[in-house]
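Input: a single structure, listed below in structure tokens.
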Amino acid sequence: KQTDNQLIIDAGQKQFGATTCGSCGMLYSTDSPEDNFQHTQFHQRFLDTIKFVGWKKERVVAEFWDGKIILVLPDDPKYATKKAEDVRRIADTELGFQQITLSSPSSAKTYLFINSDRMVVGCLVAENVRQQEKPKDMNKEDFMEHHRAWCCSTVPEKAICGVSRIWVFSLMRRKSIATRLLDTARTTFMYGSHLTKEEIAFSDPTPEGKLFATKYCET
Ligand code: ACO
Ligand code: ZN
């Protein structure tokens, strides 16, 4: 999938000693002592955070040849909620969120994708969407803009499940991990019911998040 453009960028980065660490995914300049220092600081902490040692009780909600998805609920044991929170913090840092307050922490469900190397390489946080009526005189675009949400649906007020975070480890992207997290959330978010794509809303999506959501919703 490498384009000519990408090759030019890579060539440019090599000139300045830019490297992507093959373990933690950080892009830094090997020529810069400051960058090297920051990388050393980041590297181990990151790998420790995404390391998954296995739990006595795991709520496995999906299994694949290259990993599994476990669901963490707010009332789960501390070791589980702490891991979910730590991974969420990594995602938030990458997303540039400063102060992270979940809109309804007591209902937040965290889905973690664990790969066969026992690393948490994906995370999805889903929350109940408070049913909000679209005012009659407001069009869909304005309503969505107002709520900073991106819905699969053309009827945004129908959403039930809000995806407030979706993140995949940079070195593991484009392997359908986000797709599988979302598919799994749709079947397990509401007990006994399979949510349609129209019932999902992405809150405050990034450009990458929009590209993903657009693709996901049309397929
Ligand atoms: N550019 C263009 N299309 C994309 C991109 C992208 N960066 N990412 C996904 N897509 C589209 C593609 O069509 C892709 O299918 P393909 O690979 O066969 O072409 C399809 O979406 C499915 O992609 P997945 O492999 O399932 O997505 P991935 O596991 O790579 O995760 C994600 C996507 C979560 C957006 C990831 O890039 C990421 O973590 N980015 C940084 C964090 C972020 O921006 N998250 C979204 C925030 S919005 C929110 O949280 C509500
Ligand atoms: Zn590294």
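Within segment 33-59, residues that are modelled with pLDDT of 95 or more sit with their Cβ atoms under 8 Å from residues that are of a type in the set (Asp, Glu) and more than 10 Å from ligand 2 (Cβ to nearest atom), at 6+ positions apart or across chains, in these pairs: Thr49/Asp86; Arg59/Asp76. Could you list, in sequence order, all residues of segment 33-54 that are open to solvent by less than 40 Å² (accessible area, probe 1.4 Å) and not in a helix (DSSP H, G or I)? Answer for segment 33-54, where residues must be open to solvent by less than 40 Å² (accessible area, probe 1.4 Å) and not in a helix (DSSP H, G or I): Phe52, Gly54.
Residues in segment 202-217 that are more than 6 Å from ligand 1 (Cβ to nearest atom) and in a strand (DSSP E or B): 0 in all.
The values are calculated or read from the model by the stated rules, or taken from the named source; none is laboratory data. None of these values were measured; they are calculated from a predicted model. Cβ atoms come from the backbone with ideal geometry, glycine included; neighbour counts cover every protein chain shown. Heads up: the accessible areas ignore ligands, DNA and RNA and are worked out on the full protein's heavy atoms, side chains in. Shrake-Rupley method; radii C 1.70, N 1.55, O 1.52, S 1.80 Å.
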